[in-house]
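Report on one structure; see the data block that follows.
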Amino acid sequence: MKIAIVGVGGVGGYIGAKLCSLIGTQKKKYEIIFIAQGEHAQAIKTDGLRVIEDDAEFTVTPTTVCAAEEAKGTFDLILVCDKSHAIEEAVLPLKKNLHADTVLMPLFDGVENLQAISNILDSKIIHGYVDAQSHILAPGVIRKEGNVFTVVFGDPKFIGESLFVNYMFKDAGLQTKLSEEDIYSRNS
């Protein structure tokens, strides 16, 4: 399973760090690709991504850290965690990395942004959002505060895919809430 996290800030960085725990521990092979640029990306390439929680701290090393234009191969799951103003710029270069069953999961609010992704990329889109308090503390360091970090997602059109992602997230130690309603309507 090849997973790309677009935007490795407070939300994407924390989710990506938790998903890195699956590398080498499951029967299924996991590759976790961080799509990032700048100082933060360079620090992760050099020293890994450090996550500081209230009562714990850990460092992970993703399979790859690269800019979207440099991403190789096709992805099974793309988590879009970038700021909404950079969505088109963030996802357009990934068009080359899609296959017929690629699942795209934008994790931010905004009907316009979700519609923009639908117009750019032809893939299965599972809508979602994250209830969290986390941010980049320094290049290569994410700070998550408090006990709340819940990924809420689901789409009745893609229930099988939603269930698979839910099980995978839980295996990685992420709190999830699988929504039976279309999250898209929540964002309008």
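Values in this text are rule-based calculations from the coordinates and carry no lab data. Here the structure is a predicted model, which is why all the values come from computation and not from measurement. Because the Cβ atoms are built from the backbone with ideal geometry, glycine has one as well, and the counts that use them run over all protein chains shown.
Its Cα gyration tensor gives the stretch 91-173 an equivalent ellipsoid; the semi-axes, largest first and in whole Å, are 24, 17, 13. The listed peptides 138-144, 96-102, ordered by packing as a protection proxy, come out as 138-144, 96-102 (highest mean of other Cβ atoms within 10 Å first).
Please go through the residue pairs Lys27/Lys72; Lys96/Lys177; Lys18/Lys144; Lys95/Lys170; Lys45/Lys124 and name each one whose alpha carbons sit more than 20 Å apart in this structure. Those over the limit are Lys27/Lys72; Lys96/Lys177; Lys95/Lys170; Lys45/Lys124. Working note: Karplus 6.51/-1.76/1.60 with θ = phi - 60° gives the stretch 88-100 the couplings 4, 4, 6, 9, 4, x, 8, 3, 6, 9, 8, 10, 4 Hz, where Gly and Pro are set to x. Between the amide H of Val103 and those of Leu77, Ile78, distances stay under 5 Å, these residues lying 5 or more places away or on another chain, with hydrogens modeled in the peptide plane.
Counting only the Cα atoms, the stretch 132-178 fills a convex hull of 86 Å³ per residue. What does the helix-only formula give at 222 nm for the chain: each DSSP H stretch with n ≥ 4 adding -39500 (n - 2.57), the total divided by the residues, and the result rounded to the nearest 500 deg cm²/dmol? Result for the chain, helices only: -8000 deg cm²/dmol. Across the stretch 147-157, rounded Karplus estimates of 3J(HN,Hα) from the backbone phi angles (6.51 cos²θ - 1.76 cosθ + 1.60, θ = phi - 60°) give 8, 8, 7, 10, 9, 10, 7, x, 8, x, 6 Hz, Gly and Pro being marked x.
Counting neighbouring Cβ atoms within 10 Å and putting the fewest first, the residues Ile35, Ile87, Ile15, Ile136 line up as Ile136, Ile87, Ile15, Ile35. Loop exposure criterion: GluC sites (Glu not before Pro), DSSP state outside H, G, I, E and B, at most 14 other Cβ atoms within 10 Å. Applied to the chain, the longest stretch between such sites is 1-179.
The chain gives an Rg/Rh value of 0.93, both radii derived from C-alpha positions and Rh following Kirkwood. Computed 3J(HN,Hα) for the stretch 64-81, one whole-Hz value per residue from the Karplus formula 6.51 cos²θ - 1.76 cosθ + 1.60 where θ = phi - 60°, is 8, 10, 7, 6, 4, 5, 8, 4, 10, x, 10, 10, 8, 9, 10, 9, 9, 10, glycine and proline marked x. Within the chain, no helix built from a complete DSSP H run reaches 27 Å or longer along its own axis (Cα positions) while carrying a mean Kyte-Doolittle hydropathy of -0.5 or higher.
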